[in-house]
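Colleague: Mind having a look at this structure? Questions to follow.
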Amino acid sequence: MLFRSLLEQADEGAVVFVSHEETKLSILYRLYSLASALLVPEETKLSSGLWSRRWNRGDVRDWLSGDGERGFSKEKIELLDRARELVVEKARRLVVIEERGAGADRVAKLCRAVHDAHGVAGVALDYLQKLPHDGPDLPKGRRDMETAWACRALREKIALPFECPVVVAAQVNREALRDGWARRLLEALDPSKKKGGRRGGDDDDSSLEERIRRVERVLA
């Protein structure tokens, strides 16, 4: 969605999508799916078939690969044709870089080549955890330092000189609240929740700011 917004808002110059995981074809399927979602509500807000007419990425892949056994309705096929027109209109300024081994320095050089040819209106990078380190030697295992270096490089070598936004996606660790973290955060927010502690939040006269600081200390 953020990438689509970059395409829509940029008046001139290329919008660069750097993918470390998805293929160009997969990205195209996603754009078709998003375009169909934009078109459907405009014409069938009250239709009971609203959701059935939308195209997901799997639908788009199957239809474009020639799989006609899925029973796509005439209306749904017409919707995809309109979505394709919308994507083609916007994608003239789209540049997809599919290079999984490209670190921040390499990404900056690739974007420089695009900028010299077309100008760069925005860059989206998918995603931070897949970005290899290609900068100066750093202590082994210090991914935090590698990430800090990469963010500075993207800022100083792309965002500032090209005067454009750089959006770097990152996946949230789904295991972040394991091993009692949820309980510890709740206790930090409300000490009365501790086992054996005072019952009732009214006895805790600490300010909201202090409670937030306690939560921050647990997260740290």
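Colleague: Would you mind checking which residues have amide H under 5 Å from VAL18's amide H? H placed 1.01 Å from N; only 5 or more apart, or other chain.
Modeller: ILE97, ALA124, LEU125, ASP126
Colleague: List every residue whose amide H lies under 5 Å from the amide H of VAL120, counting only residues 5 or more places away in sequence or on a different chain, with H placed 1.01 Å from N in the peptide plane.
Modeller: ALA14
Colleague: Leaving out ligands, DNA and RNA but keeping every protein chain, what accessible area does ILE212 have, in Å² rounded to the nearest 10, with a 1.4 Å probe?
Modeller: ILE212 has an accessible surface of roughly 80 Å² with all protein chains in place.
Colleague: Quick check: with the 1.4 Å probe, what order do GLU85, GLU98 take by accessible area, largest first?
Modeller: Largest to smallest exposure gives the sequence GLU85, GLU98.
Colleague: Among LEU39, TYR29, LEU7, flag the residue with its Cα farthest along the positive direction of the charge dipole of the stretch 5-44, charges on Cβ as +1 for Lys/Arg and -1 for Asp/Glu.
Modeller: Farthest towards the positive pole: TYR29.
Colleague: If you don't mind, there's one more thing I want to ask. Could you pull the accessible area for PHE17 with a 1.4 Å probe, rounded to 10 Å²?
Modeller: 30 Å²
Colleague: Checking the cross-link filter: which lysines have an alpha carbon closer than 16 Å to that of LYS90, excluding same-chain neighbours under 8 positions apart?
Modeller: Within reach: LYS24.
Colleague: Also: Any idea of ASP81's accessible area? Nearest 10 Å², probe 1.4 Å.
Modeller: Approximately 60 Å² of ASP81 is accessible to the 1.4 Å probe.
Colleague: Ranked by accessible surface with a 1.4 Å probe, highest first, in what order do GLU78, GLU187 come?
Modeller: Ranking GLU78, GLU187 by accessible area, largest first, yields GLU78, GLU187.
Colleague: So what J values fall out for the stretch 96-103 if you push phi through Karplus, 6.51 cos²θ - 1.76 cosθ + 1.60 with θ = phi - 60°, rounded to Hz, Gly and Pro as x?
Modeller: 9, 10, 9, 9, 5, x, 7, x
The values are calculated or read from the model by the stated rules, or taken from the named source; none is laboratory data. Bear in mind the structure is a predicted one, so any value in this text is a computation, not a measurement. Heads up, the Cβs are rebuilt from the backbone with ideal geometry, glycines too, and the neighbour counts pull from every protein chain shown. Surface areas here come from the heavy atoms of the whole protein model, side chains and all, with no ligands, DNA or RNA. Shrake-Rupley method; radii C 1.70, N 1.55, O 1.52, S 1.80 Å.
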